[in-house]
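Throughout, read-outs are computed from the coordinates displayed, never taken from laboratory work. Because the structure is a prediction, the values reported are computed rather than measured. So basically every Cβ, Gly included, is an ideal-geometry build from the backbone, and we count neighbours across all protein chains shown.
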Amino acid sequence: MKKLFLTLSISITILALILAFLPMGSIALIPALAAVTFSLLAFKLSDTKTFFIKGLLGIGVLLVLVGLGKMFFTTEEVIIEKAYEEKMETSKKEALKELEELELDSIQ
């Protein structure tokens, strides 16, 4: 049973580590909390409290803190750039002018 929890803890910690650095919002908290839970269960069931199990538990706690920090301290804003919109409008107008010139040339 300890090996099962340890294996789950290792694999979920790796998944939580990957998701913690991707811009996916607070979804990294789910595997981080699962990693802490499985690490804690492996720690409780083990006879010898090894540094590896304590390290997994510590990494899981750090990942939970990183996930909470990302959730509370990052803001998601959509910035509309005026220069880009103006450039798109001018390119549309130029394209319409070119089409009108092509239509006039093809008629004559």
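Taking Rg and Dmax of the Cα atoms in Å as calculated from this structure, the corresponding entry among [x] 26.7, 74; [y] 19.2, 67; [z] 27.2, 93 is [z]. For the chain, hydrophobic long helices are taken as DSSP H runs at least 27 Å long by C-alpha position along their axis with mean Kyte-Doolittle hydropathy of 0.0 or more; these are 2-21, 51-73. Using +1 at the C-beta of Lys and Arg and -1 at the C-beta of Asp and Glu, which of THR50, VAL36, GLY69 has the Cα lying farthest in the positive direction of the dipole of the chain? Value: THR50.
Residues of region 1-23 falling in the label zone of LYS44, defined by backbone nitrogen less than 14 Å from a point 7 Å along Cα to beta-carbon, are 2, 5-6. What aspartates and glutamates does LYS93 reach when the alpha-carbon gap must be under 15 Å and sequence neighbours fewer than 8 apart in one chain are set aside? Partners within reach: GLU85, GLU101.
Dipole size of region 2-76 about its Cα centre, with +1 on Lys/Arg Cβ and -1 on Asp/Glu Cβ: approximately 300 debye, rounded to the nearest 20.
Split the chain at each of the GluC sites (Glu not before Pro) in a DSSP loop with at most 12 other beta carbon atoms within 10 Å, and the longest piece is 1-75.
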